[in-house]
Amino acid sequence: MTDGRPLILGNWKMHRTPSETTAFLGDLLPRVQGVTGRDIAVAPPYTCLAAAGEALRGSAVSLAAQDVFWEDQGAYTGAISAPMLQDLGVRYVIVGHSERRQHQGETDHTVRLKVQAALRADLVPVVCVGEQETARVSGRADTVVRGQVLRALEETAPGDLRNIVVAYEPIWAIGTGRTATPSDIAGMHAVIRSEIERVFGGPGAAVRVLYGGSVTPATIDVIMAAPGVQGVLVGGASLRAADFARIAAYRVD
Ligand code: PEP
């Protein structure tokens, strides 16, 4: 399903109503119309997915969701399943974002279940991993992130790896204005890649690995030039049409 192109994904978090979504995408779409050679997607809140799908129809921008439940249907009040998202035209789904791990009790176990649920419905899970600042300071960042990757993907069939995206999002860089350095990003991407290939061998090369954490128009070109970076997950800057369009139009010379 994925084609290996870089992915630029905007995570709106808990922002916007359906009418605001329609207006925002009306502003964004002309700005990214000429941008080619990369996949672009936006992840609005659940309540805005239908409006966003309508606004994106016929465009090159894909629809993403911010979470999914692990069962396909049943007595799970308040939950939204992967087949429901699929029917709305959703292509990508963020799984295991650190804000959900922090506030909604997400664990490596639920992340793994959600990855499998997404794959069953032909959605592309965007699996978020990343260390706390304390882990980085104490030299445990690689171990933490390797463990998260392993536990999220361990039940994945090799044939599904081309439909998996991993987003490395150091928690201390999310929403803080502190972007990781290109060498830290490249270093962790190499760690993630080696863990995936240790477990899955050659087919692991099909997994796309993104960076996320305070990406802005000022930092995107340098981040995309870092070895191993195959796209970005963008929070705050994705709420500003001009900024997100500039990020989508990144240039690597
Ligand atoms: C995110 O929400 O995944 C994120 C990276 O946020 P921000 O870009 O605001 O740091």
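The values are calculated or read from the model by the stated rules, or taken from the named source; none is laboratory data. Being a predicted model, the structure only gives us computed values, none of them experimental. Neighbour counts run over all protein chains shown; Cβ positions are idealised from the backbone, glycine included. Heavy atoms of the whole protein, side chains included, go into the accessibility calculation; ligands, DNA and RNA do not. Shrake-Rupley method; radii C 1.70, N 1.55, O 1.52, S 1.80 Å.
Residues of segment 153-173 that are of a type in the set (G, A, S), more than 10 Å from the ligand (Cβ to nearest atom) and more than 17 Å from V111 (Cα to Cα): G159 alone.
Only a single item in (1) open to solvent by less than 10 Å² (accessible area, probe 1.4 Å); (2) part of a helix (DSSP H, G or I); (3) under 27 Å from V115 (Cα atoms) is not met by T47, and it is number (1).
Among the residues of segment 75-134, write down those that are among the small types (G, A, S) and more than 15 Å from the ligand (Cβ to nearest atom). Steps first, answer last, please.
Let us first name the residues in segment 75-134 that are among the small types (G, A, S), namely 75, 78-79, 81-82, 89, 96, 98, 105, 117-118, 121, 130.
A75, G78, A79, S81, A82, G89, G105, A117, A118, A121, listed by residue number.
Exactly one residue out of Q33, Q66 is within 28 Å of G204 (Cβ to Cβ) and among the polar types (S, T, N, Q), and it is Q66.
Which of the following residues is within 12 Å of the ligand (Cβ to nearest atom) and surrounded by 16 or more Cβ atoms within 10 Å (Cβ to Cβ): T176, T216? Let's see the steps before the verdict.
Numbers: T176 fails: surrounded by 16 or more Cβ atoms within 10 Å (Cβ to Cβ).
Testing whether each residue is within 12 Å of the ligand (Cβ to nearest atom) and surrounded by 16 or more Cβ atoms within 10 Å (Cβ to Cβ) leaves just T216.
Looking at A79, A75, just one residue is assigned to a loop (DSSP other than H, G, I, E, B), without any contact (Cβ under 8 Å) to a residue 24 or more places away in the chain and surrounded by 14 or more Cβ atoms within 10 Å (Cβ to Cβ), and that residue is A79.
For segment 200-213, which residues satisfy the criterion of being more than 16 Å from the ligand (Cβ to nearest atom), among the hydrophobic types (A, V, I, L, M, F, W, C) and crowded, with 16+ Cβ neighbours inside 10 Å? Before the answer, list the steps.
Here is the first cut: in segment 200-213, the residues more than 16 Å from the ligand (Cβ to nearest atom) are 200-207.
From the residues that got through so far, the ones that are among the hydrophobic types (A, V, I, L, M, F, W, C) too are 200, 205-207.
F200, A206, V207 - these are the residues of segment 200-213 that are more than 16 Å from the ligand (Cβ to nearest atom), among the hydrophobic types (A, V, I, L, M, F, W, C) and crowded, with 16+ Cβ neighbours inside 10 Å.
Could you tell me whether segment 150-165 includes any residue that is over 30 Å from A79 (Cβ atoms) and among the charged types (D, E, K, R)?
Taking segment 150-165 as the starting set, the residues that turn out to be over 30 Å from A79 (Cβ atoms) are none.
The answer is no, given that none of the residues of segment 150-165 is over 30 Å from A79 (Cβ atoms) and among the charged types (D, E, K, R).
Restricting to segment 198-225, give me the number of residues that are closer than 16 Å to A173 by Cβ, within 18 Å of the chain's Cα centre (by Cα) and small (G, A, S). Counting residues in segment 198-225 that are closer than 16 Å to A173 by Cβ, within 18 Å of the chain's Cα centre (by Cα) and small (G, A, S) gives 3. Checked against the criterion of being closer than 28 Å to G147 by Cβ, crowded, with 20+ Cβ neighbours inside 10 Å and within 16 Å of the ligand (Cβ to nearest atom), segment 240-248 has no qualifying residue.
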